[in-house]
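Everything below concerns the one structure shown next.
Readers should treat all values here as calculations from the given coordinates under stated rules, not as data from a laboratory. What you see is a predicted model, and the numbers here were worked out from it, not measured in a lab. Here the Cβ is made from the backbone with ideal geometry for all residues, glycine too, and neighbour counts use every protein chain on show.
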Amino acid sequence: MGKPSDLLQGTLDLLILKTISLEPMHGWAIAKRIQQVSREVLQVQQGSLYPALHRLEQQGWIKARWAESETGRQARFYSLTAAGRKQLEAEAANWTRLSAAINLVVSEA
Amino acid sequence: MRRLHQLGMKLRTLFMRRKAGAQLDAELRFHLDRQIEENRAAGMSADQARYAALRAFGNPALLRDQTRAAWSWNGLESLLRDLRIGMRTLGRAPGFTFIAIGIMALGIGSNVALFTVVRGVLLKPLPFENSDRLLMLYEHSTYSAGGGDFPYNLVAGGVFDAWNKENTTFSSMALVRNDQVDLSASGGQLPETLNSGTVSWNLFPTLGVQPALGRGFAAADDSLTANGTVVLSWNLWKRRFGSDPAILDRIIYLDAKPYTVIGVMPEWFEFPDSTTQLWLPVYHEMPTTIMSHLDFHNFRAVGRLKPRVTAEEATANLSIISRRLHESQLDDPFIAAAANSRPLIEHIVGDVERPLYVMLAATACLLLIACLNVANLLVARAAARRKELAIRTALGGGRLRLLREHLMESFLLSAAGGAAGLALAWEAVHWFVATRRNMARVGSIHLDGVVATFTLGVIVLCALFSGLVSALNADGKRLLASLHESSKSHSAGSARARLRKTLLAAEVGLTVMLLIAAGLLLKSYQRLRDTDIGCTTKNILTLHIDLPGARYKTPGPAPVNFFATLLERVRALPGVEAAGFVTAVPGQGYMGDMGFTIAEHPPLPRGKGTFAINRSADPGYFAAMGIPILRGHTFDDGQTLDRANEAIISESFARKFFPGEDPVGKHLHVMGGKELHLIVGVVGDTRYDLGETPEPTQYYPLYAGDTNNGTLVIRSSHDVEQLALPVQHVIQGMDHDLPVSDVLTMDQLLGKSTLDESFNTTLLTGFAALSLLLAAAGLFGVLSYIAAQRTSEIGIRIALGAQREQVLRLMLADGLRPALIGLALGLAASTVTVRLIHSMLYETQPLDLAVFAAVAATLLLVAALACMAPAWRASRLDPMQALRME
């Protein structure tokens with residue numbers, strides 16, 4: 001396994017929105033989940049994760065709430081807002097379109 | 001929905017910042033702990049797990065900052081931080097802070113006060129409906145014989161009548177005239193003389209003003225046959241009638257005639273000027289002869305322009321009418337051939353406009369000096385803190401960040417200074433209004449929203465100016481140099497000292513300009529007060545008496561008997577050396593003139609006329625006033641009523657109209673009069689106003705009975721004021737319902753007439769003195785700073801054998817150089833700026849050498865004194881101590 005690839009600008013937002021769309025999660029779990037689902041390819045650094053979470057929260061896509069975590073400690077759980085759900089759909093559609101386009105170009109050769 | 005959510009988030013991050021910060025820390029700690037747990041689960045020891053987690057996590061403080069950067073209000077947060085830092089730094093130097101705020105307060109306060117006055121008086125439109133459509137109308141008279149151009153002459157009743165009927169350019173036109181009436185004693189109150197406005201019925205509608213109570217005049221009120229009606233000012237209604245709402249339809253007695261009160265004007269209404277206390281209809285007050293005459297220049301006229309008509313078109317329209325009148329009666333040379341106009345506001349505030357703007361300019365200079373001074377202080381502080389700043393820059397402090405902190409400091413100073421200045425301005429404006437109660441539009445001076453905005457603007461400008469000027473030098477590029485310099489062994493900061501000297505030179509230059517303007521006004525005022533008015537001014541008492549025409553009809557014997565008895569009784573009072581009566585004493589104003597011809601001279605060409613100021617005087621007037629009789633004698637006894645046929649002329653009258661002849665024995669023929677007047681004497685010249693040259697004057701006998709008002713003059717050998725009461729008792733004894741007004745000594749009367757000049761001079765001198773003080777303080781500060789910087793250098797010099805006098809001279813030269821440069825600049829700039837006050841000067845040239853020299857000497861003296869102390873201290877330095885300080 002090589003060096004984890006840098007995340008494309010803006011895709012982190014999409015990953016976070018998608019990850020918490022199933023259930024509310026705290027930061028550590030979000031990072032872990034992305035890592036697992038991507039089969040260790042995508043490693044989210046804390047230095048990117050928390051600023052992104054707080055930015056999304058300021059923008060009103062996600063909301064946060066303190067709740068008991070699986071270990072019994074209080075943790076900050078993030079979940080999608082209604083606007084965030086719409087944003088997720090838009091960004092996902094956008095991503096599909098973009099990746100298909102990139103595939104076309106890359107497989108051309 | 002999302003917007004609402006965002007707003008909620010913003011408010012939460014704004015108001016619960018501390019809590020949010022704590023939560024962020026908890027969130028990050030949770031993440032770290034989970035990582036450690038995971039590591040331990042993977043089989044690491046406790047320490048290993050911790051270190052591995054921390055390594056993966058990175059710098060927690062940095063992460064926290066990066067995350068916080070996603071929050072809103074970061075700009076505000078750092079601004080608040082700067083604000084806190086600024087306040088703390090200023091708090092650490094209370095002396096500096098106090099002085100800087102005080103200087104700013106003076107500068108901003110004086111500016112705001114003057115701006116408030118200028119805005120109220122000059123900039124605010126008149127409080128009348130569409131006031132820019134209102135014009136003041138004048139006759140434009142030119143008299144080729146006997147000279148003179150009177151572009152703003154009063155309007156004759158007959159001319160107004162013609163204008164009013166024939167013009168096509170005004171929607172309405174009204175007459176107005178300043179008068180005085182006597183209000184009779186009533187309800188236990190004494191009789192008093194009031195300033196009145198004699199106006200045509202349509203004045204109020206022309207201005208677009210409604211009475212606050214009752215009604216205005218109707219056309220029917222404005223005729224000789226109508227019953228007397230009067231409209232009161234709010235002030236008179238309140239003062240004299242206790243704001244009694246039942247005042248309407250009450251009868252009051254004015255000049256001993258009954259008048260029905262029909263209305264009260266609103267409190268703010270002042271017209272034709274602020275002293276007017278009531279209004280009377282002009283066609284009811286004035287005889288038909290005056291109202292229809294074409295050359296009795298008695299009135300002012302106000303016109304409201306029709307829509308889409310310009311002032312030029314309207315004036316041209318009136319001029320055509322005047323020209324026709326002039327040409328229809330070429331025998332009368334005093335019918336003007338043209339009309340003139342200017343905006344009403346210009347008429348009202350024209351006299352005060354220039355002085356007020358000069359004062360405003362002076363306060364702007366003062367503010368600039370204040371800013372320069374504060375900038376100077378800031379530079380000194382920056383110099384003292386340069387090591388700190390250099391270290392901060394070396395540690396990565398952004399230049400912009402440092403600049404912002406610097407500006408925040410100067411902003412705090414300006415804001416505090418502005419707040420204090422506003423309070424100062426509040427006081428100053430109150431004082432101004434109280435002192436200048438008779439100035440035009442003084443009632444419309446208020447501190448309001450616009451003034452507040454102006455204050456804010458000035459604060460920001462001052463902050464930017466003083467902040468940026470001083471920041472100019474906080475140059476990050478010379479970082480290394482300043483770290484090097486911090487070793488004390490060489491003279492540090494010469495560049496900073498250079499900037500401070502430049503600022504000082506500018507300050508001194510501005511001060512010189514103010515000093516010269518003040519010096520010129522002082523000299524002019526001195527000249528004005530030293531002017532020989534042409535009569536005795538010591539121990540003379542004057543009283544104004546206005547006999548009501550209803551009981552003292554003119555022409556007729558009643559006023560003659562009154563004046564003769566009055567003078568006889570007053571002269572009999574103990575302490576009275578002499579007494580006399582005249583229509584107006586010197587210094588009381590122009591009052592009136594009259595056309596005449598000289599019987600012995602060939603007739604003047606058609607359309608040409610001669611005129612001179614005329615006065616009625618009793619035979620004892622000249623002796624009482626100390627006006628010398630140069631030739632002939634005063635009026636003979638028995639010059640009464642129809643037998644009055646003598647005249648006396650002034651010296652300049654004789655010089656102008658009888659060149660190379662003896663006027664005594666010649667005869668004057670008065671325009672419109674029947675009999676000839678024999679000239680029996682020539683008297684010395686007098687001035688009708690202190691600032692005016694003596695005008696030709698003709699005197700006629702008071703006892704001819706044409707006059708029922710004027711001034712009683714009384715001369716005593718000492719303490720003439722003590723005669724005021726006995727004389728008023730004499731008057732009361734003769735007519736108990738006769739008010740006396742303007743009881744003034746001649747000195748007081750002349751002082752009153754030069755009040756404006758005295759006020760302007762005092763104010764400007766005050767500003768100049770203040771700026772001199774600031775400049776001196778600046779010089780002192782800079783030289784003290786330089787001396788302190790050079791302590792060790794001076795110590796070495798002295799140790800090596802330099803004479804203390806040499807050191808003194810060196811330091812003095814260092815301090816005086818900016819003063820000299822500033823002086824030169826100020827003198828040069830003044831040669832231009834003094835032109836602005838040219839029109840305010842009396843018999844003083846703007847480029848008065850004595851004033852320039854005196855200012856230069858004063859400035860040099862003050863500068864030398866300011867520099868002396870620090871230079872002296874430097875020269876007394878103990879070299880051992882200075883060197884040990886290393």
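Just round it to a whole percent: the fraction of Cα-Cα distances in the range B:308-368 exceeding 19 Å. Here the tail beyond 19 Å accounts for 58 percent of pairs. In terms of surrounding Cβ atoms within a 10 Å radius of their Cβ, B:PHE15, B:PHE658, B:PHE653 rank from fewest to most as B:PHE15, B:PHE658, B:PHE653.
Pair-distance distribution of the protein assembly as shown: all C-alpha pairs, bin width 20 Å, starting at 0; shares per bin in whole percent are 10, 27, 24, 20, 12, 6, 1. As a size descriptor, the averaged projected area of the C-alpha convex hull of the range A:4-106 was calculated at 7.0 nm².
Overall, chain B carries a charge dipole of about 6660 debye about its Cα centre when +1 sits on the Cβ of Lys and Arg and -1 on the Cβ of Asp and Glu, all other atoms neutral. For the range B:276-349, trypsin sites (Lys or Arg not before Pro) are listed when DSSP marks them as loop and at most 13 other Cβ atoms sit within 10 Å of their Cβ; the list is B:ARG308.
Across peptide B:64-73, the average count of Cβ atoms from other chains found within 10 Å of a residue's Cβ is 4. Note on chain A: with charges restricted to the Cβ of Lys and Arg (+1) and Asp and Glu (-1), its dipole about the Cα centre is near 220 debye. Determine the gain in length on full extension of the stretch B:ARG17-B:ARG655; use 0.36 nm per residue of separation and subtract their C-alpha separation, reporting nm with one decimal. Extra length from B:ARG17 to B:ARG655 when fully extended: 220.6 nm. Choose one of B:THR697, B:THR537, B:THR511: the residue whose Cα lies farthest towards the positive end of the charge dipole of chain B (beta-carbon charges +1 Lys, Arg; -1 Asp, Glu; about the Cα centre). Highest projection toward the positive end goes to B:THR511.
Among the residues of A:51-64, the average count of other protein chain beta-carbon atoms within 10 Å of the residue beta-carbon is 5. Over all Cα atoms in the range B:1-128, the spread is summed up by Rg and Dmax: 27.2, 93 Å.
Of the chymotrypsin sites (Phe, Trp or Tyr not before Pro) found in the range B:561-592, those that fall in a DSSP loop while having at most 11 other beta-carbon atoms within 10 Å are B:TYR590.
Near B:PRO818: Cβ cut-off under 11 Å, other residues only, Lys/Arg at +1 and Asp/Glu at -1. The net charge is +2. Spin-label pair B:LEU400-A:ARG97: with each label point 7 Å from Cα along the Cα-Cβ axis, the two points sit 3.5 nm from one another. Quick one: P(r) of the range B:758-855 from all Cα-Cα pairs, 5 Å bins, percents rounded to integers, in order of increasing distance. Calculated over all Cα pairs of the range B:758-855, the distribution is 2, 10, 14, 19, 14, 11, 9, 7, 6, 4, 3, 1, 0 percent. If you take all other residues with their beta carbon under 12 Å from the beta carbon of B:ALA93, and give Lys and Arg +1 and Asp and Glu -1, the sum is +3.
Take the Kirkwood radius over Cα pairs of the range B:508-581, plug it into Stokes-Einstein at 20 °C and 1.002 mPa s, and you get 126 µm²/s for translational diffusion. Treating the range B:506-662 as a set of equal point scatterers at the Cα positions, no solvent, please give the Debye-formula log₁₀ I(q)/I(0) at q = 0.19 Å⁻¹. For the requested q values the scattering log ratios are -1.41. In units of the compact-protein estimate 2.2 N^0.38 Å, the range B:691-802 shows a Cα radius of gyration of 2.36. Shown for B:TYR253, B:TYR703: other C-beta atoms within 10 Å of each C-beta, ranked fewest to most, produce the order B:TYR253, B:TYR703. If you look at the Cα atoms of the range B:37-111, you get an Rg and a Dmax of 24.7, 78 Å. With only the Cα atoms considered, chain B has a convex hull volume of 257 Å³ per residue. Scanning chain B for long hydrophobic helices, with DSSP H runs required to stretch 20 angstrom or more by C-alpha along their axis and to average at least 0.5 on the Kyte-Doolittle scale, returns B:94-118, B:344-384, B:399-435, B:449-471, B:755-789, B:804-833, B:849-875.
This ranking places B:VAL832, B:VAL264, B:VAL743, B:VAL727 by how few other beta-carbon atoms lie within 10 Å of each, fewest first, which gives B:VAL832, B:VAL743, B:VAL727, B:VAL264.
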